[in-house]
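Heads up, the thing below is written out as structure tokens.
The values are calculated or read from the model by the stated rules, or taken from the named source; none is laboratory data. None of these values were measured; they are calculated from a predicted model. Neighbour counts are summed over all protein chains in view; Cβ atoms, including those assigned to glycine, are modelled from backbone coordinates with ideal geometry. For accessibility, only protein heavy atoms count, side chains too; no ligands or nucleic acids. Shrake-Rupley method; radii C 1.70, N 1.55, O 1.52, S 1.80 Å.
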Amino acid sequence: MKSRSKYFQNMSRIMLVFVFLGFAPSFYLKSLIDDHPFYPDGLPWPHIIHGIILTVWYVLLVIQSGFIQSNRIKIHQKLGWFGTSWALLVVASTVWVIFLFPNRMIKLADQLQSTVEEVEPGLAFILWLDVFMCLLFIAFLSMAILKRNQPAIHKRLMLYTGLVFIFAATNRFAGIISHLTDLPLSIPLGLLILLVLTGSLLFHDHKTQGRILPVSWWCFGLYWVASVLSMVISNTNWGAGIVDI
């Protein structure tokens, strides 16, 4: 019997590691880092709730891929329905934070005697990216549910339900590396990490299937189209207005 590829299990673990490392200073280990410049007065409750909900989602991806790897399909299927319900919380909390984020950045900038642009560069872009990635999360998850009896398609779509939101963690991770090395690495390193993570599926397909599956192209393409659209829209007068929601 041919052994299962560990790619999806490893990817789910890698995403969880990035989530922890990226948000360790401002969330997971916040109580141990008193002088962290972000959120000097602590995280607002909506952000804490959102952080917990998304953390559980990434943990679920690790657990579910582990069940598949160990061939415990029935347990995977039962937990999948819990995951579907939990996904509603992911969407709801994400929309909640999107609406609260601009005012939060304004207050934080005032506390730090700074500007919003210095505290959170490209805020409009980030908000539009959140909007588009939330829509992609809904689309990928819906298709994954519909294609749950087609494992090759299902697991690729589920992988991207994690990748759509990973930019927040990888950008913060890149920022940490930039701060520690005192080099302007934040933006290029963040983009490189995202390109490697999202593009790894294409390499995996080519290696294991001898071709890149259409679903992988669609996921990869939609992800980067959404990213580019977020940038383009945020640089228009209309798009920049999202900061005032």
query: Looking only at the range 186-205, which residues are buried (at least 18 other Cβ atoms within 10 Å of the Cβ) and either touching a Pro at 6+ places or on another chain (Cβ under 8 Å) or hydrophobic (A, V, I, L, M, F, W, C) (or both)?
result: Leu189, Ile193, Leu194, Leu197, Leu201
field: Selection count, the range 39-92, where residues are outside any helix (DSSP H, G or I) and more than 25 Å from Leu21 (Cα to Cα)
entry: 3
query: For Arg172, which of the numbered conditions (1) open to solvent by 50 Å² or more (accessible area, probe 1.4 Å); (2) under 20 Å from Trp128 (Cα atoms); (3) assigned to a loop (DSSP other than H, G, I, E, B) fails to hold?
result: (3)
task: Working carefully through the options Pro40, Pro102, Pro46, find the one that is touching a Leu at 6+ places or on another chain (Cβ under 6 Å), modelled with pLDDT under 95 and farther than 23 Å from Ile14 by Cβ.
output: Pro46
message: Cβ-Cβ distance below 6 Å, separation of 6 or more or different chains: which pairs start in the range 127-153 with a residue that is under 17 Å from Thr198 (Cα atoms) and open to solvent by 30 Å² or more (accessible area, probe 1.4 Å) and end on one that is assigned to a loop (DSSP other than H, G, I, E, B) and not polar (S, T, N, Q)?
response: Ile153/Lys147
- prompt: Tally time: how many residues in the range 218-239 are loosely packed, with under 15 Cβ neighbours inside 10 Å and either on the phi > 0 side of the Ramachandran plot or under 15 Å from the mean Cα position of the chain (by Cα) (or both)?
  reply: 1
- prompt: Is the range 178-185 home to any residue that is touching a residue at least 12 places away in the same chain (Cβ under 8 Å) and open to solvent by less than 60 Å² (accessible area, probe 1.4 Å)?
  reply: no
